[in-house]
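Chemist: Right, I'll just put the structure down here and ask away after.
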Amino acid sequence: MFNSKTGIFRRLLLSSSVLLCGALPVHAQTLESAVGNALASHPSAEAALATLNATKEVEKEAYSRYFPQISANAAFGRMYGDNATSRGLSVTRGSGYSYLGEGSLTVSQLIFDGMETPNRVDAAAARAQSAGADILDVRESLAYRAVQSYVDVMRTQRGLSLITEHSALVDDYLGRIAEMVDDGVSDETELQQARDISVILQGIKAEYEGQAQNAMARYAEITGTQPPDVMNEPPGKANVIAQDMSAAIAKAKAEHPAVISSKLQAEASSYEVDAEKGTLYPDVNGELSYLQSQKDEVIGGDVTDARALVRMSWNFSTGGEQFARIRRSKYSHKEAQSRMQEIQRQIEQNVKLAYNEYSTSARQLELLGQRQELNEKLFATYQSQFEGARVNLLQLMQAHNQLFNTNLESVNGHYRYLAAQYGVLASMGQLQNAMNVQAPAKISSLTHEQK
(Lines give C-alpha, C1' and ligand atoms only; values in the text may rest on other atoms or scores of the structure.)
Protein backbone atom coordinates (compact mmCIF):
# COMPACT_ATOMS: atom_id res chain seq x y z
CA MET A 1 0.00 0.00 0.00
CA PHE A 2 0.99 3.65 -0.43
CA ASN A 3 2.77 5.50 2.39
CA SER A 4 0.53 6.66 5.19
CA LYS A 5 -0.33 10.27 5.88
CA THR A 6 1.92 10.31 8.94
CA GLY A 7 4.87 8.95 7.01
CA ILE A 8 4.55 11.52 4.24
CA PHE A 9 4.36 14.43 6.64
CA ARG A 10 7.40 13.06 8.45
CA ARG A 11 9.31 13.16 5.18
CA LEU A 12 8.14 16.70 4.45
CA LEU A 13 9.14 17.83 7.91
CA LEU A 14 12.57 16.21 7.54
CA SER A 15 13.01 17.83 4.14
CA SER A 16 12.14 21.27 5.47
CA SER A 17 14.51 20.94 8.41
CA VAL A 18 17.38 19.83 6.18
CA LEU A 19 16.73 22.52 3.62
CA LEU A 20 16.14 25.54 5.77
CA CYS A 21 17.64 25.22 9.20
CA GLY A 22 19.24 21.80 9.72
CA ALA A 23 21.63 21.26 12.60
CA LEU A 24 25.13 21.80 11.20
CA PRO A 25 28.48 20.72 12.62
CA VAL A 26 30.79 23.24 14.22
CA HIS A 27 33.36 23.02 11.41
CA ALA A 28 30.86 24.07 8.71
CA GLN A 29 32.01 27.04 6.65
CA THR A 30 30.42 30.44 7.27
CA LEU A 31 29.71 33.23 4.82
CA GLU A 32 32.24 35.45 6.62
CA SER A 33 35.04 32.95 6.03
CA ALA A 34 34.14 32.69 2.34
CA VAL A 35 34.25 36.48 2.02
CA GLY A 36 37.57 36.52 3.89
CA ASN A 37 39.03 34.02 1.40
CA ALA A 38 37.92 36.19 -1.51
CA LEU A 39 39.40 39.38 -0.07
CA ALA A 40 42.66 37.68 0.90
CA SER A 41 43.44 35.87 -2.33
CA HIS A 42 41.65 37.38 -5.31
CA PRO A 43 44.01 38.93 -7.91
CA SER A 44 41.87 42.06 -8.34
CA ALA A 45 42.42 42.94 -4.67
CA GLU A 46 46.15 42.40 -5.05
CA ALA A 47 46.20 44.51 -8.23
CA ALA A 48 44.38 47.36 -6.48
CA LEU A 49 46.86 47.21 -3.61
CA ALA A 50 49.77 47.34 -6.08
CA THR A 51 48.20 50.42 -7.67
CA LEU A 52 47.98 52.05 -4.23
CA ASN A 53 51.64 51.32 -3.53
CA ALA A 54 52.60 52.80 -6.91
CA THR A 55 50.66 56.01 -6.26
CA LYS A 56 52.31 56.34 -2.84
CA GLU A 57 55.69 56.21 -4.57
CA VAL A 58 54.55 58.90 -7.01
CA GLU A 59 53.62 61.04 -4.01
CA LYS A 60 57.08 60.53 -2.50
CA GLU A 61 58.63 61.39 -5.86
CA ALA A 62 56.72 64.68 -6.04
CA TYR A 63 57.48 65.53 -2.40
CA SER A 64 61.21 64.97 -2.95
CA ARG A 65 61.39 68.21 -4.97
CA TYR A 66 61.21 70.14 -1.69
CA PHE A 67 64.66 68.81 -0.77
CA PRO A 68 68.06 69.88 -2.13
CA GLN A 69 69.44 68.21 -5.22
CA ILE A 70 73.11 67.24 -5.16
CA SER A 71 75.16 66.87 -8.31
CA ALA A 72 78.72 65.47 -8.18
CA ASN A 73 81.09 65.08 -11.15
CA ALA A 74 84.66 63.82 -11.45
CA ALA A 75 87.00 63.37 -14.41
CA PHE A 76 90.60 62.23 -14.97
CA GLY A 77 92.60 61.97 -18.19
CA ARG A 78 94.95 63.78 -20.51
CA MET A 79 94.25 66.95 -22.45
CA TYR A 80 95.65 69.10 -25.20
CA GLY A 81 95.30 72.85 -24.97
CA ASP A 82 95.97 75.78 -27.27
CA ASN A 83 94.87 78.97 -25.57
CA ALA A 84 96.16 82.31 -24.36
CA THR A 85 97.92 80.74 -21.39
CA SER A 86 99.70 78.06 -23.37
CA ARG A 87 100.71 80.49 -26.08
CA GLY A 88 102.13 82.87 -23.47
CA LEU A 89 104.14 80.23 -21.64
CA SER A 90 105.24 78.00 -24.50
CA VAL A 91 108.27 78.97 -26.58
CA THR A 92 107.79 76.29 -29.19
CA ARG A 93 104.38 75.83 -30.80
CA GLY A 94 102.06 77.75 -28.47
CA SER A 95 100.22 74.66 -27.21
CA GLY A 96 100.75 71.93 -24.68
CA TYR A 97 99.71 68.58 -23.18
CA SER A 98 98.83 67.80 -19.60
CA TYR A 99 97.24 65.24 -17.34
CA LEU A 100 93.87 66.49 -16.01
CA GLY A 101 92.07 65.83 -12.74
CA GLU A 102 88.81 67.62 -12.12
CA GLY A 103 85.92 67.38 -9.65
CA SER A 104 82.83 69.44 -8.90
CA LEU A 105 79.99 69.41 -6.38
CA THR A 106 76.75 71.39 -6.75
CA VAL A 107 73.87 71.68 -4.28
CA SER A 108 70.66 73.24 -5.57
CA GLN A 109 67.63 74.11 -3.42
CA LEU A 110 64.23 75.09 -4.80
CA ILE A 111 63.08 78.50 -3.61
CA PHE A 112 60.15 79.29 -5.88
CA ASP A 113 58.57 77.63 -8.91
CA GLY A 114 55.18 79.29 -9.20
CA MET A 115 53.65 76.83 -6.64
CA GLU A 116 54.10 74.03 -9.16
CA THR A 117 55.73 71.64 -6.67
CA PRO A 118 53.15 72.10 -3.86
CA ASN A 119 50.34 71.48 -6.34
CA ARG A 120 52.09 68.40 -7.78
CA VAL A 121 52.47 67.04 -4.25
CA ASP A 122 48.81 67.70 -3.40
CA ALA A 123 47.70 66.08 -6.67
CA ALA A 124 49.81 62.97 -5.99
CA ALA A 125 48.48 62.74 -2.42
CA ALA A 126 44.88 62.99 -3.67
CA ARG A 127 45.50 60.24 -6.23
CA ALA A 128 47.00 58.03 -3.53
CA GLN A 129 43.90 58.54 -1.39
CA SER A 130 41.77 57.80 -4.44
CA ALA A 131 43.66 54.53 -4.94
CA GLY A 132 42.94 53.68 -1.29
CA ALA A 133 39.22 54.28 -1.89
CA ASP A 134 39.44 52.16 -5.04
CA ILE A 135 40.72 49.27 -2.95
CA LEU A 136 37.71 49.57 -0.66
CA ASP A 137 35.46 49.63 -3.72
CA VAL A 138 37.16 46.53 -5.17
CA ARG A 139 36.87 44.76 -1.82
CA GLU A 140 33.20 45.74 -1.60
CA SER A 141 32.58 44.26 -5.04
CA LEU A 142 34.51 41.09 -4.16
CA ALA A 143 32.60 40.71 -0.91
CA TYR A 144 29.25 40.96 -2.68
CA ARG A 145 30.31 38.51 -5.39
CA ALA A 146 31.41 36.10 -2.66
CA VAL A 147 28.03 36.50 -0.95
CA GLN A 148 26.19 35.89 -4.20
CA SER A 149 28.19 32.76 -5.03
CA TYR A 150 27.88 31.42 -1.47
CA VAL A 151 24.10 31.93 -1.41
CA ASP A 152 23.73 30.49 -4.90
CA VAL A 153 25.69 27.36 -3.98
CA MET A 154 23.47 26.87 -0.94
CA ARG A 155 20.32 27.48 -2.99
CA THR A 156 21.22 24.91 -5.63
CA GLN A 157 22.40 22.37 -3.05
CA ARG A 158 19.19 22.68 -1.07
CA GLY A 159 17.13 22.57 -4.26
CA LEU A 160 18.88 19.39 -5.43
CA SER A 161 18.29 17.79 -2.04
CA LEU A 162 14.60 18.59 -2.29
CA ILE A 163 14.45 17.33 -5.89
CA THR A 164 16.29 14.10 -5.01
CA GLU A 165 13.90 13.35 -2.17
CA HIS A 166 10.84 14.12 -4.27
CA SER A 167 12.19 12.01 -7.15
CA ALA A 168 12.08 8.97 -4.88
CA LEU A 169 8.45 9.74 -4.05
CA VAL A 170 7.57 10.24 -7.72
CA ASP A 171 9.19 6.91 -8.62
CA ASP A 172 7.11 5.29 -5.88
CA TYR A 173 3.94 6.89 -7.24
CA LEU A 174 4.86 5.85 -10.78
CA GLY A 175 5.52 2.25 -9.78
CA ARG A 176 2.23 1.94 -7.90
CA ILE A 177 0.24 3.45 -10.76
CA ALA A 178 1.96 1.06 -13.18
CA GLU A 179 0.95 -1.85 -10.94
CA MET A 180 -2.63 -0.60 -10.88
CA VAL A 181 -2.63 -0.39 -14.69
CA ASP A 182 -1.31 -3.94 -14.89
CA ASP A 183 -4.03 -5.06 -12.50
CA GLY A 184 -6.65 -3.29 -14.59
CA VAL A 185 -7.56 -0.97 -11.71
CA SER A 186 -6.23 2.18 -13.40
CA ASP A 187 -6.24 3.61 -16.89
CA GLU A 188 -3.18 3.84 -19.18
CA THR A 189 -3.83 7.57 -19.47
CA GLU A 190 -3.13 8.01 -15.78
CA LEU A 191 0.21 6.23 -16.20
CA GLN A 192 1.18 8.55 -19.07
CA GLN A 193 0.28 11.61 -16.98
CA ALA A 194 2.35 10.24 -14.12
CA ARG A 195 5.27 9.67 -16.48
CA ASP A 196 4.94 13.27 -17.69
CA ILE A 197 5.34 14.47 -14.09
CA SER A 198 8.44 12.29 -13.78
CA VAL A 199 9.98 13.61 -17.01
CA ILE A 200 9.31 17.21 -15.99
CA LEU A 201 10.98 16.53 -12.65
CA GLN A 202 14.01 15.08 -14.42
CA GLY A 203 14.23 18.26 -16.49
CA ILE A 204 14.10 20.37 -13.33
CA LYS A 205 16.84 18.24 -11.82
CA ALA A 206 19.04 18.61 -14.91
CA GLU A 207 18.52 22.39 -14.80
CA TYR A 208 19.48 22.56 -11.13
CA GLU A 209 22.55 20.38 -11.69
CA GLY A 210 23.70 22.85 -14.33
CA GLN A 211 23.00 25.79 -12.02
CA ALA A 212 24.91 24.03 -9.24
CA GLN A 213 27.97 23.57 -11.48
CA ASN A 214 27.86 27.24 -12.49
CA ALA A 215 27.49 28.32 -8.87
CA MET A 216 30.46 26.20 -7.79
CA ALA A 217 32.57 27.57 -10.65
CA ARG A 218 31.79 31.15 -9.61
CA TYR A 219 32.50 30.29 -5.98
CA ALA A 220 35.89 28.78 -6.86
CA GLU A 221 36.83 31.82 -8.98
CA ILE A 222 35.99 34.38 -6.34
CA THR A 223 37.28 32.56 -3.24
CA GLY A 224 40.07 30.45 -4.72
CA THR A 225 38.65 27.31 -3.04
CA GLN A 226 36.05 24.70 -3.82
CA PRO A 227 32.70 24.89 -2.00
CA PRO A 228 32.72 22.82 1.21
CA ASP A 229 30.33 19.96 1.79
CA VAL A 230 28.61 21.81 4.63
CA MET A 231 27.83 25.54 4.62
CA ASN A 232 26.20 27.50 7.41
CA GLU A 233 23.04 29.43 6.66
CA PRO A 234 24.03 33.13 6.34
CA PRO A 235 22.37 35.46 8.85
CA GLY A 236 19.82 37.92 7.55
CA LYS A 237 20.64 41.63 7.46
CA ALA A 238 17.13 43.11 7.39
CA ASN A 239 17.71 44.66 10.83
CA VAL A 240 20.58 46.85 9.57
CA ILE A 241 18.89 48.04 6.36
CA ALA A 242 17.60 51.61 6.54
CA GLN A 243 13.86 51.82 6.01
CA ASP A 244 14.11 55.24 4.36
CA MET A 245 15.49 54.78 0.84
CA SER A 246 16.12 58.52 0.43
CA ALA A 247 18.39 58.51 3.46
CA ALA A 248 20.16 55.43 2.11
CA ILE A 249 20.77 57.15 -1.23
CA ALA A 250 22.15 60.26 0.47
CA LYS A 251 24.46 58.13 2.60
CA ALA A 252 25.65 56.12 -0.40
CA LYS A 253 26.33 59.22 -2.52
CA ALA A 254 28.43 60.63 0.31
CA GLU A 255 30.25 57.57 1.62
CA HIS A 256 30.43 54.95 -1.13
CA PRO A 257 34.12 54.18 -1.90
CA ALA A 258 33.55 54.68 -5.64
CA VAL A 259 32.17 58.18 -5.00
CA ILE A 260 35.02 59.05 -2.65
CA SER A 261 37.53 57.86 -5.24
CA SER A 262 35.95 59.94 -8.00
CA LYS A 263 35.90 63.05 -5.78
CA LEU A 264 39.58 62.61 -5.02
CA GLN A 265 40.36 62.17 -8.72
CA ALA A 266 38.56 65.44 -9.44
CA GLU A 267 40.48 67.11 -6.61
CA ALA A 268 43.78 65.80 -7.99
CA SER A 269 42.99 67.12 -11.47
CA SER A 270 42.23 70.54 -9.96
CA TYR A 271 45.69 70.62 -8.35
CA GLU A 272 47.23 69.63 -11.68
CA VAL A 273 45.56 72.63 -13.37
CA ASP A 274 47.23 74.93 -10.82
CA ALA A 275 50.53 73.09 -11.26
CA GLU A 276 50.47 73.69 -15.02
CA LYS A 277 49.74 77.37 -14.43
CA GLY A 278 52.85 77.45 -12.26
CA THR A 279 55.04 76.71 -15.28
CA LEU A 280 54.32 80.27 -16.53
CA TYR A 281 56.41 81.67 -13.67
CA PRO A 282 60.22 81.67 -13.41
CA ASP A 283 62.00 79.07 -11.28
CA VAL A 284 64.25 80.41 -8.55
CA ASN A 285 66.87 78.15 -6.93
CA GLY A 286 69.61 78.67 -4.39
CA GLU A 287 72.90 77.11 -5.50
CA LEU A 288 76.19 76.21 -3.83
CA SER A 289 78.96 74.88 -6.07
CA TYR A 290 82.63 73.99 -5.77
CA LEU A 291 85.00 73.14 -8.65
CA GLN A 292 88.57 71.91 -8.35
CA SER A 293 90.68 71.35 -11.50
CA GLN A 294 94.35 70.29 -11.67
CA LYS A 295 96.55 70.48 -14.79
CA ASP A 296 99.98 71.73 -15.85
CA GLU A 297 100.72 75.43 -15.76
CA VAL A 298 101.32 75.49 -19.48
CA ILE A 299 97.65 74.58 -20.04
CA GLY A 300 96.19 76.82 -17.36
CA GLY A 301 97.25 75.46 -14.03
CA ASP A 302 95.12 74.56 -11.02
CA VAL A 303 91.66 76.12 -10.79
CA THR A 304 89.40 76.49 -7.75
CA ASP A 305 85.92 77.89 -8.22
CA ALA A 306 83.51 78.15 -5.24
CA ARG A 307 80.13 79.88 -5.66
CA ALA A 308 77.04 80.72 -3.61
CA LEU A 309 74.31 82.27 -5.70
CA VAL A 310 70.63 82.53 -6.52
CA ARG A 311 69.81 81.30 -9.99
CA MET A 312 66.65 82.21 -11.88
CA SER A 313 65.52 80.42 -15.01
CA TRP A 314 62.46 81.27 -17.02
CA ASN A 315 61.43 79.07 -19.90
CA PHE A 316 58.57 80.35 -21.99
CA SER A 317 57.29 78.57 -25.06
CA THR A 318 56.53 80.93 -27.91
CA GLY A 319 54.56 78.22 -29.69
CA GLY A 320 51.89 78.04 -26.96
CA GLU A 321 52.92 74.71 -25.43
CA GLN A 322 52.35 75.83 -21.85
CA PHE A 323 48.92 77.29 -22.54
CA ALA A 324 47.94 74.11 -24.38
CA ARG A 325 48.96 72.02 -21.37
CA ILE A 326 46.92 74.28 -19.09
CA ARG A 327 43.86 73.89 -21.31
CA ARG A 328 44.41 70.12 -21.47
CA SER A 329 44.54 69.88 -17.67
CA LYS A 330 41.33 71.93 -17.43
CA TYR A 331 39.57 69.53 -19.77
CA SER A 332 40.85 66.60 -17.70
CA HIS A 333 39.46 68.29 -14.59
CA LYS A 334 36.10 68.77 -16.26
CA GLU A 335 36.12 65.11 -17.30
CA ALA A 336 36.88 64.04 -13.73
CA GLN A 337 34.00 66.13 -12.40
CA SER A 338 31.64 64.60 -14.97
CA ARG A 339 32.83 61.11 -14.03
CA MET A 340 32.10 61.88 -10.40
CA GLN A 341 28.55 62.98 -11.24
CA GLU A 342 28.10 59.89 -13.42
CA ILE A 343 29.20 57.59 -10.60
CA GLN A 344 26.87 59.32 -8.16
CA ARG A 345 23.97 58.73 -10.54
CA GLN A 346 24.98 55.08 -10.94
CA ILE A 347 25.16 54.67 -7.17
CA GLU A 348 21.71 56.23 -6.77
CA GLN A 349 20.30 53.90 -9.43
CA ASN A 350 21.96 50.86 -7.84
CA VAL A 351 20.47 51.70 -4.44
CA LYS A 352 17.00 52.13 -5.93
CA LEU A 353 17.27 48.83 -7.83
CA ALA A 354 18.57 47.03 -4.75
CA TYR A 355 15.73 48.36 -2.59
CA ASN A 356 13.22 47.38 -5.25
CA GLU A 357 14.62 43.84 -5.37
CA TYR A 358 14.59 43.69 -1.58
CA SER A 359 10.95 44.75 -1.27
CA THR A 360 9.86 42.59 -4.21
CA SER A 361 11.59 39.47 -2.91
CA ALA A 362 10.16 40.06 0.57
CA ARG A 363 6.64 40.34 -0.82
CA GLN A 364 7.06 37.27 -3.03
CA LEU A 365 8.46 35.25 -0.15
CA GLU A 366 5.40 36.17 1.90
CA LEU A 367 3.09 35.07 -0.92
CA LEU A 368 5.07 31.86 -1.39
CA GLY A 369 4.58 31.16 2.30
CA GLN A 370 0.86 31.56 1.86
CA ARG A 371 0.89 29.27 -1.19
CA GLN A 372 2.94 26.73 0.70
CA GLU A 373 0.43 26.72 3.54
CA LEU A 374 -2.49 26.38 1.11
CA ASN A 375 -0.85 23.53 -0.79
CA GLU A 376 -0.01 21.70 2.43
CA LYS A 377 -3.68 21.90 3.42
CA LEU A 378 -4.73 20.86 -0.08
CA PHE A 379 -2.41 17.86 -0.02
CA ALA A 380 -3.64 16.85 3.42
CA THR A 381 -7.21 17.05 2.12
CA TYR A 382 -6.32 14.94 -0.91
CA GLN A 383 -4.71 12.36 1.37
CA SER A 384 -7.90 12.12 3.40
CA GLN A 385 -9.98 11.84 0.25
CA PHE A 386 -7.61 9.21 -1.17
CA GLU A 387 -7.95 7.12 1.97
CA GLY A 388 -11.70 7.46 1.56
CA ALA A 389 -11.43 6.46 -2.13
CA ARG A 390 -12.78 9.84 -3.27
CA VAL A 391 -9.70 10.70 -5.38
CA ASN A 392 -7.37 8.38 -7.27
CA LEU A 393 -3.62 7.92 -6.88
CA LEU A 394 -2.77 10.16 -9.84
CA GLN A 395 -4.68 13.06 -8.32
CA LEU A 396 -2.83 12.53 -5.05
CA MET A 397 0.46 12.45 -6.96
CA GLN A 398 -0.42 15.72 -8.73
CA ALA A 399 -1.28 17.38 -5.43
CA HIS A 400 1.97 16.14 -3.93
CA ASN A 401 3.91 17.40 -6.95
CA GLN A 402 2.22 20.79 -6.66
CA LEU A 403 3.32 20.96 -3.04
CA PHE A 404 6.85 20.05 -4.10
CA ASN A 405 6.92 22.85 -6.70
CA THR A 406 5.74 25.31 -4.07
CA ASN A 407 8.41 24.11 -1.62
CA LEU A 408 11.08 24.46 -4.32
CA GLU A 409 9.89 27.97 -5.16
CA SER A 410 9.96 28.79 -1.45
CA VAL A 411 13.59 27.70 -1.23
CA ASN A 412 14.45 29.93 -4.20
CA GLY A 413 12.41 32.78 -2.71
CA HIS A 414 14.14 32.40 0.64
CA TYR A 415 17.63 32.70 -0.85
CA ARG A 416 16.57 35.45 -3.22
CA TYR A 417 15.36 37.48 -0.26
CA LEU A 418 18.57 36.71 1.64
CA ALA A 419 20.77 37.80 -1.28
CA ALA A 420 18.65 40.95 -1.73
CA GLN A 421 19.44 42.04 1.83
CA TYR A 422 23.16 41.84 1.16
CA GLY A 423 22.57 43.51 -2.20
CA VAL A 424 21.12 46.61 -0.53
CA LEU A 425 24.18 46.91 1.71
CA ALA A 426 26.53 46.39 -1.23
CA SER A 427 24.78 49.08 -3.29
CA MET A 428 25.44 51.53 -0.46
CA GLY A 429 29.06 50.48 -0.03
CA GLN A 430 28.30 49.26 3.49
CA LEU A 431 28.57 45.49 3.05
CA GLN A 432 32.01 45.13 4.65
CA ASN A 433 30.94 47.23 7.63
CA ALA A 434 27.77 45.19 8.08
CA MET A 435 29.79 41.97 8.02
CA ASN A 436 32.50 43.41 10.32
CA VAL A 437 35.16 42.89 7.65
CA GLN A 438 38.15 45.06 8.49
CA ALA A 439 40.26 46.63 5.76
CA PRO A 440 44.07 46.70 6.11
CA ALA A 441 45.32 49.54 8.31
CA LYS A 442 47.10 51.36 5.49
CA ILE A 443 43.87 51.49 3.47
CA SER A 444 41.67 52.54 6.37
CA SER A 445 44.04 55.39 7.25
CA LEU A 446 43.71 56.87 3.78
CA THR A 447 39.91 56.91 3.88
CA HIS A 448 39.90 58.31 7.43
CA GLU A 449 42.20 61.14 6.24
CA GLN A 450 39.71 61.98 3.51
CA LYS A 451 36.77 61.97 5.91
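The values are calculated or read from the model by the stated rules, or taken from the named source; none is laboratory data. All of these numbers come straight from a predicted model, not from anything done at the bench. Virtual Cβ from ideal backbone geometry, glycine too; neighbours counted across all protein chains shown. These area figures cover heavy atoms from the full protein model, side chains too; ligands, DNA and RNA do not enter into them. Shrake-Rupley method; radii C 1.70, N 1.55, O 1.52, S 1.80 Å.
Chemist: Only Lys, Arg, Asp and Glu count, each charged at its Cβ (+1, +1, -1, -1), so figure out the dipole size of the chain about its Cα centre, rounded to 20 debye. Write out the running numbers ahead of the final one.
Modeler: Values: 42 positive and 52 negative charges, 237 e Å.
Its charge dipole is roughly 1140 debye.
Chemist: What stretch of the chain, leaving out the sites themselves, is the longest with no chymotrypsin sites (Phe, Trp or Tyr not before Pro) in a DSSP loop having at most 16 other Cβ atoms within 10 Å? Display every interim value, and only then the final one.
Modeler: On the way: sites that count: Phe2, Trp314, Phe316.
The answer is 3-313.
Chemist: Something else now. If you take every residue apart from Gln211 with its C-beta less than 15 Å away from the C-beta of Gln211, what net charge results, scoring Lys and Arg +1 and Asp and Glu -1?
Modeler: My count for the surroundings of Gln211 gives +1.
Chemist: Run the helix sum for the chain: -39,500 (n - 2.57) per DSSP H stretch of 4+ residues, divided by residue count, reported at 222 nm to the nearest 500 deg cm²/dmol.
Modeler: On the way: 12 runs with 303 residues, N = 451.
Taking each H run of at least 4 residues, the total per residue is -24000 deg cm²/dmol.
Chemist: Would you grab the residues whose amide H sits under 5 Å from the one on Ile111? Only those 5+ places off in sequence or on another chain, please, with H modelled 1.01 Å from N.
Modeler: Val284, Asn285, Gly286
Chemist: Put Lys295, Lys253, Lys352, Lys60 in order of accessible area, largest first, 1.4 Å probe: what do you get? Before the final figure, lay out the partial values.
Modeler: Working: Lys295 40, Lys253 65, Lys352 90, Lys60 125 Å².
Of Lys295, Lys253, Lys352, Lys60, the descending order of accessible area is Lys60, Lys352, Lys253, Lys295.
Chemist: Still on this structure, please answer the following. Could you list, in their original order, any pairs among Lys277/Lys334; Lys277/Lys330; Lys60/Lys253; Lys60/Lys334; Lys263/Lys352; Lys253/Lys277 whose Cα atoms are separated by more than 20 Å? Don't jump to the answer; show the numbers that get you there.
Modeler: Numbers: Lys277/Lys334 16 Å; Lys277/Lys330 10 Å; Lys60/Lys253 31 Å; Lys60/Lys334 26 Å; Lys263/Lys352 22 Å; Lys253/Lys277 32 Å.
Long pairs (Cα-Cα over 20 Å): Lys60/Lys253; Lys60/Lys334; Lys263/Lys352; Lys253/Lys277.
Chemist: Here is a further query. Per residue of segment 206-212, what does 6.51 cos²θ - 1.76 cosθ + 1.60 with θ = phi - 60° give for ³J(HN,Hα)? Whole Hz please, x for Gly and Pro, Karplus curve as stated.
Modeler: Residue by residue, segment 206-212 yields 4, 4, 5, 5, x, 4, 5 Hz.
Chemist: For segment 136-179, would you read off the P(r) tail past 13 Å as a percentage of all alpha carbon pairs? The partial results should precede the final answer.
Modeler: On the way: 630 of 946 pairs.
Value for segment 136-179: 67 percent of Cα pairs lie more than 13 Å apart.
Chemist: Averaging sequence separations of C-alpha pairs under 8 Å and six or more residues apart, then dividing by the length of the chain, give the relative contact order as a whole percent.
Modeler: Reported relative contact order: 25 percent.
Chemist: Further question: Rounded to two decimal places and with Rh computed the Kirkwood way over Cα pairs, what is Rg over Rh for segment 233-334?
Modeler: 1.44
Chemist: Any chance you could run the full-extension gain for Leu110 through Ala217? It's 0.36 nm times the residue separation minus the Cα-Cα distance, nm to one decimal. If you can, show how the numbers build up before the last one.
Modeler: Working: separation 107, 0.36 × 107 = 38.52 nm, distance 5.74 nm.
Computed gain between Leu110 and Ala217 is 32.8 nm.
Chemist: Using only Cα atoms, tell me the angle between helix 321-387 and the longest principal axis of the chain; keep it within 0 to 90° and round to the nearest 10.
Modeler: The two axes meet at around 10 degrees.
Chemist: By what distance, in whole Å, do the Cα atoms of segment 261-309 stretch along each of the three principal axes, largest value first?
Modeler: 67, 22, 16
Chemist: Report, to the nearest 10°, how far helix 43-63 tilts away from the longest principal axis of the Cα atoms in the chain, using its own Cα long axis and a range of 0 to 90°.
Modeler: Computed tilt is about 20 degrees.
Chemist: State, to one decimal in nm, how far the label point of Glu376 lies from the label point of Thr85, with both points 7 Å from Cα in the Cβ direction.
Modeler: Result: 10.8 nm between the two label points.
Chemist: Still on this structure: Counting only other residues whose beta carbon sits under 13 Å from that of Glu342, what net charge do I get with K and R as +1, D and E as -1?
Modeler: Details: positive: Lys253, Lys263, Lys334, Arg339, Arg345; negative: Glu335, Glu348.
After counting each charged neighbour, the total is +3.
Chemist: Need the full-extension length gain, Ala178 to Gln438, defined as separation in residues times 0.36 nm minus the C-alpha distance. One decimal, nm. Don't skip to the answer; put the middle values down first.
Modeler: Details: separation 260, 0.36 × 260 = 93.60 nm, distance 6.09 nm.
Residue separation times 0.36 nm, minus the Cα-Cα distance, leaves 87.5 nm.
Chemist: If we count every other residue with Cβ under 12 angstrom of Gly114's Cβ, Lys/Arg +1 and Asp/Glu -1, where does the sum land?
Modeler: Numbers: positive: Arg120, Lys277; negative: Asp113, Glu116, Asp274, Glu276, Asp283.
Within the 12 Å Cβ shell, the charges total -3.
Chemist: A further question follows. Give the angle, between 0 and 90 degrees and rounded to the nearest 10, that separates the Cα long axis of helix 441-450 from the longest principal axis of the Cα atoms of the chain.
Modeler: It is inclined by approximately 80 degrees.
Chemist: Could you tell me the calculated FRET efficiency between Ala72 and Ser41, based on Cβ-Cβ distance and R0 = 51 angstrom, to the nearest 0.05?
Modeler: Numbers: r = 47 Å, r/R0 = 0.92.
E(calc), rounded to 0.05, equals 0.60.
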